[in-house]
Amino acid sequence: MATNNKNTELQVQNSGFLALADAAFSESLSQELEGLDLSFEKIKIPSAGSTVFEVPGEEDDTDTVKEFSAVILHHHTLNAYYKTKYTGGNNPPDCGSFDGVTGEGDPGGSCKSCPLNQFGTADEGAGKACKNRRRIYVLREGEVFPLLLSLPTGSLKEFTKYIKKLLGKGKKSNMVVTRFSLKKATSSGGVVYSQAQFAVDRALTTEEQALIDNLTEQVKAYSHQVSFDAEAAIDIMVDEETGEVIEPLA
């Protein structure tokens, strides 16, 4: 009977995000990743209206799930401009920005006023020459290493609405467990694509919040070291009527 009580106590201690307390993650992250090219395993949003995510599985396998829950540790804009078509690899863009405010490279300067960051400047269609995405670093319950979700343009409005709703209730994105799902959406030009949806699953406990706050600072510090090649090389489809960027067929 005493053994069962101990097992139950252990399960409670490691439930939710309390596993971070045993992982000494902050120290491990600094020691293990010092001098390395930092990368995160990725959660992928499919194209063509599929409503399942591709998530890292066991032993390099990929699983598909209808939805998942995780804490949003950190998120930021990612702008990238390539003078020639990007085909993958570790080559940085000619001009890039991790905050969507200031570009570094050629032409560099203000992203807001940059002509390459305007609709209609893409080589094909009505899109932008500079591609805009949003990187979201998430941590699923029971895990200790974050995953990277690169949010495409077609889901940015839904994410903005969700963040504004949280802020309206006095919450930041790393103060709740968010439930991620997908729905099939259609652009005004009739292009079907997968659009991310967001909802509050639950609030964090006081104990969880302290651990999450610590990990958030670690992820923020390392996020700008994640190279641009973490983004898949894709051909961008654009709704010619609205300039909306849609992910291509797989």
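The values are calculated or read from the model by the stated rules, or taken from the named source; none is laboratory data. Every value quoted in this text rests on a predicted model; they were computed, and no experiment measured them. Every residue, glycine among them, receives a Cβ derived from its backbone with ideal geometry; neighbour counts consider all protein chains shown. Surface accessibility is based on the protein's heavy atoms, side chains included, excluding ligands, DNA and RNA. Shrake-Rupley method; radii C 1.70, N 1.55, O 1.52, S 1.80 Å.
Consider the range 59-89 and keep the residues that are in a loop (DSSP other than H, G, I, E, B) and on the phi > 0 side of the Ramachandran plot. The one that is least open to solvent (accessible area, probe 1.4 Å) is GLY88.
The residues of the range 109-121 that are modelled with pLDDT of 90 or more and at positive phi amount to a single one, GLY109. Scanning the range 90-142 for residues that are open to solvent by less than 60 Å² (accessible area, probe 1.4 Å), closer than 30 Å to LEU215 by Cβ and in a loop (DSSP other than H, G, I, E, B) returns PRO93, PHE98, GLY100, CYS111, GLY142. Here is the figure for the range 202-223: residues that are under 11 Å from ASN174 (Cα atoms) and not in a helix (DSSP H, G or I) total 2. For the range 159-205, a tally of residues being open to solvent by 50 Å² or more (accessible area, probe 1.4 Å), of a type in the set (Val, Ile, Thr) and more than 20 Å from LEU147 (Cβ to Cβ) returns 4. Only residues that are of a type outside the set (A, V, I, L, M, F, W, C) and either within 25 Å of GLN209 (Cβ to Cβ) or open to solvent by 60 Å² or more (accessible area, probe 1.4 Å) (or both) were counted in the range 143-157, giving 3.
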